[in-house]
C-alpha cells in the first residue's frame, strides 16, 4: 500500500492541478506509520513509499542514461534503481525517527511527522550536491497552500502540506481527536489563502517585449558532425524574425565552444539585435585558460557583453566526482567536465532589465536563485531537457520554475530546446507556452518587478527552524508523557 501511495503522488507534480493527491498520498503513509508497531516497520513503510514515488517520478533518469548517454540497458536500469533507492532513504529515516520518538497520534501526525518530513526534504536538497526533485511543496502550486511559497519557500509549502496530510490521517484513524485534526486542516488552508492575498513585490519600469526560442534539436543529433551548421541556421532564423527587445536562446543552443564559432555568426546575432536596440541571450559553452570550461549564457546586442556561468553542476552529466573517472568511458555525454561558475554572479543588465540567469536544473535550488535578488527584475531559465525525451521530466521542471517565480514575485522566462518553453507570471501562473517537440518562437510582453518577498529576504532558515521546533515540541511532549507513564507504573507497583 505504501509503494502504491507513493507512485500515485507523482500525478500531482505534472501539468494537472491535482494538489490534493500528494496530500492524500502522504496521509496514507502517516496512517500506516501510526499503526506500525516497531521503528523498523515504520522505516520499511517509508522506504516503500519513497521507492514508489521516485521509481515512477524519476524514471526519466533511465532515459537519460540509456537512450542518450548510451549506457547499456541493464547498467542504466541498475543505476536508476540505486539512485531511487538512495532517495527513498529519506522518507525511511522519517518513518524510523517518528516511530522511535513515539507519542500520542495527534502530536505525531500534526507536529512530529511534518517537522521531520520537511527537514528530510531540506537535507535531500543539499546533501551530495542535492536533488530536491519531487519535494512535496511543488505539488501545491495550484491549491490553497500556494500562499506559503513567497513567505517560506517550497519547504514552507511542504510543511503545510504535511500538516494537512497528518490531519487527514487522523480523521481516518479510530480514537483520534478529530476536532483537533479538522481544526489543523482548516488552519493551514486559511493561512495559505490569507498569505496568497498578500502582494510582496511591485512593477518597476516599462514592460519589455521578449522572444523565447525553441529549436527542437533532437538530442541524438545535437552533437553529430554535419548537423552543427543546421542548428546555427535554425536559431539565427528564429532570432532574425523577432522584433523583441530581449531574445533568449536555450542552454547550449550553440553546441560548440564560443571561441570556435565563426566570428561572422556571432557578429550577425550581435548586429541584428543592436540594430533594434535589443539584446539576445545565447546559451553556449566557454573555455578559459588553462583548462576550465563553463556552461554559460552570453549576452549580445545593444548592451555591453556579459556572461553568466552555471554554478550548480549536474553530477556525472556536467562534472565527474572524485573516484568516478571511469564514468566517461560508459556514458557518452559531450562536455561532461565543466567548471563551476562563481556563486556571487550578478544579474545581466540587458533590455532595460536586470535578469537573474539560471541554467537547466539550477532553478531547482531556491536558496541559490535568491542570491541575485532583490536586484534582479526578471528571472530566466535556459534548459536542454531533450536529455530526458518525452518523459515526466519537462512537466516537473516547469512546475519547479513556476515555484521560483512565486517565491520571488518575479516573472520567469523559460527557453528550452524541446520544451517546455514558457512565460510564467509573477504569481507562478503559466501565461504562455509553446507545444513541446516543435520548432518555434514564443513572443510576449513581460513586466519587471522590484521588492522582496519574505523568502527572498530570509531564504530557508525560518522554515528549517520552524520544522525543528515542531519536531522538538512533539518529542518533548512524548518524552514527558513517557516519564509520567513510567511514574504511574512505579506508583502502581507500590
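The values are calculated or read from the model by the stated rules, or taken from the named source; none is laboratory data. Fair warning: this is a prediction, and the values are worked out from it, not measured in the lab. Please note: Cβ atoms are built from the backbone with ideal geometry, for glycine as well, and neighbour counts cover all protein chains shown.
Checked against the criterion of being modelled with pLDDT of 95 or more, closer than 14 Å to residue 379 by Cβ and either assigned to a strand (DSSP E or B) or not assigned by TED's automatic domain parsing to the domain that holds residue 353 (or both), the candidates 407, 431 yield just one match: 431. Look at residue 450 and say whether it is surrounded by 13 or more Cβ atoms within 10 Å (Cβ to Cβ) and touching a strand residue (DSSP E or B) at 6+ places or on another chain (Cβ under 9 Å). Yes. Of all residues assigned to the range 86-100, at least one qualifies as being under 17 Å from residue 393 (Cβ atoms), under 18 Å from the mean Cα position of the chain (by Cα) and buried (at least 16 other Cβ atoms within 10 Å of the Cβ). Taking the criterion of being surrounded by fewer than 19 Cβ atoms within 10 Å (Cβ to Cβ), assigned by TED's automatic domain parsing to the domain that holds residue 343 and closer than 29 Å to residue 246 by Cα, would at least one residue in the range 307-320 satisfy it? Yes. Residues that are within 12 Å of residue 90 (Cβ to Cβ) and touching a residue at least 40 places away in the same chain (Cβ under 8 Å) were ranked within the range 107-125; the one that is surrounded by the fewest Cβ atoms within 10 Å (Cβ to Cβ) is 125. Condition test on residue 119, is it in contact with a helix residue (DSSP H, G or I) (Cβ under 7 Å, 6 or more places away or on another chain), in a helix (DSSP H, G or I), modelled with pLDDT of 95 or more and over 21 Å from residue 392 (Cα atoms)? Judged against the criteria, residue 119 is a match. In this structure, residue 380 does not qualify as free of Cβ contacts under 8 Å to residues at least 60 places away in the same chain and either in the same structural domain as residue 280 (by TED's automatic domain parsing) or assigned to a strand (DSSP E or B) (or both). Checking every residue in the range 56-66 against the condition of being closer than 14 Å to residue 87 by Cα, touching a helix residue (DSSP H, G or I) at 6+ places or on another chain (Cβ under 7 Å) and modelled with pLDDT under 95 gives at least one match. Out of 137, 153, 166, one residue alone is more than 20 Å from residue 424 (Cα to Cα) and either in a helix (DSSP H, G or I) or modelled with pLDDT of 95 or more (or both). It is 166.
This table checks each residue for (1) part of a strand (DSSP E or B); (2) closer than 30 Å to residue 105 by Cβ; (3) modelled with pLDDT of 95 or more.
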site: 174; (1), (2), (3): no, yes, no
site: 180; (1), (2), (3): no, yes, no
site: 183; (1), (2), (3): no, yes, yes
site: 189; (1), (2), (3): no, yes, yes
site: 192; (1), (2), (3): no, yes, yes
site: 209; (1), (2), (3): yes, no, yes
site: 212; (1), (2), (3): yes, no, yes
site: 216; (1), (2), (3): no, no, yes
site: 220; (1), (2), (3): no, no, no
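Among all positions in the range 217-240, there is no residue which is within 30 Å of residue 457 (Cβ to Cβ), surrounded by 13 or more Cβ atoms within 10 Å (Cβ to Cβ) and within 23 Å of the chain's Cα centre (by Cα). The set of residues in the range 223-254 that are assigned to a loop (DSSP other than H, G, I, E, B) and farther than 18 Å from residue 434 by Cβ comprises 223, 224, 225, 226, 227, 245, 252, 254.
Rundown of residues vs (1) under 23 Å from residue 397 (Cβ atoms); (2) under 19 Å from the mean Cα position of the chain (by Cα); (3) without any contact (Cβ under 8 Å) to a residue 12 or more places away in the chain; (4) not assigned by TED's automatic domain parsing to the domain that holds residue 396, yes/no style:
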{"site": "11", "(1), (2), (3), (4)": "yes, yes, yes, yes"}
{"site": "47", "(1), (2), (3), (4)": "no, no, no, yes"}
{"site": "56", "(1), (2), (3), (4)": "yes, yes, no, yes"}
{"site": "75", "(1), (2), (3), (4)": "no, no, no, yes"}
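Contact annotation: no residue pair with Cβ atoms under 9 Å, 6 or more positions apart or on different chains, pairs a residue in the range 176-199 that is assigned by TED's automatic domain parsing to the domain that holds residue 156 with a partner that is in a helix (DSSP H, G or I) and loosely packed, with under 12 Cβ neighbours inside 10 Å.
Checking 442, 413 one by one, the residue that is outside the structural domain of residue 158 (by TED's automatic domain parsing), more than 25 Å from residue 367 (Cβ to Cβ) and outside any helix (DSSP H, G or I) is 442 and no other.
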